[in-house]
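Student: Mind having a look at this structure? Questions to follow.
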Amino acid sequence: MTNHQKRSAIHGALVTLGAFLVGTYFVFHAVQGDYGLFNRVQIEAEETRLRAELALLQHELDDLKNRTQRLSDGYLDLDLLDEQARKILGYARPNEVIIR
């Protein structure tokens, strides 16, 4: 082998090694990086959890809106008013038995 052939072989090996290292770098970051596959799975799991929490909070909000409307000046639900008075103020009728 001549000196030129040895240099060409070393150059080819270095180019191949460099290309391999650059490819490995990009594959690593595609899997493990900030926007990689593993983070995407975690973000999707968090999104699912947050959507479920949002649905629960929306249901609670709807319930509170309903109860607020039922106790408003325009529409008064006497049963709900009685329930709230008993619950908050501790009222009870003389013939009632309270179990806690």
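Student: Can you name the helices (runs of 4 or more DSSP H) wholly within the chain that have at least 2 residues being under 29 Å from the mean Cα position of the chain (by Cα)?
Tutor: Passing ranges, in order: 3-32, 37-70.
Student: For the structure I just gave you, tell me whether residue 86 is touching a strand residue (DSSP E or B) at 6+ places or on another chain (Cβ under 9 Å) and among the basic types (Lys, Arg).
Tutor: Answer is no for this residue.
Rundown of residues vs (1) surrounded by 10 or more Cβ atoms within 10 Å (Cβ to Cβ); (2) at pLDDT 80 or above; (3) of a type in the set (A, V, I, L, M, F, W, C), yes/no style:
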| position | (1), (2), (3) |
| --- | --- |
| 39 | yes, yes, no |
| 47 | yes, yes, no |
| 58 | yes, yes, no |
| 61 | yes, yes, yes |
| 73 | no, yes, no |
| 86 | yes, yes, no |
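The values are calculated or read from the model by the stated rules, or taken from the named source; none is laboratory data. For clarity, every value in this text was computed on a predicted model and none was experimentally measured. Positions of Cβ are backbone-derived with ideal geometry, glycine not excepted, and every protein chain shown enters the neighbour counts.
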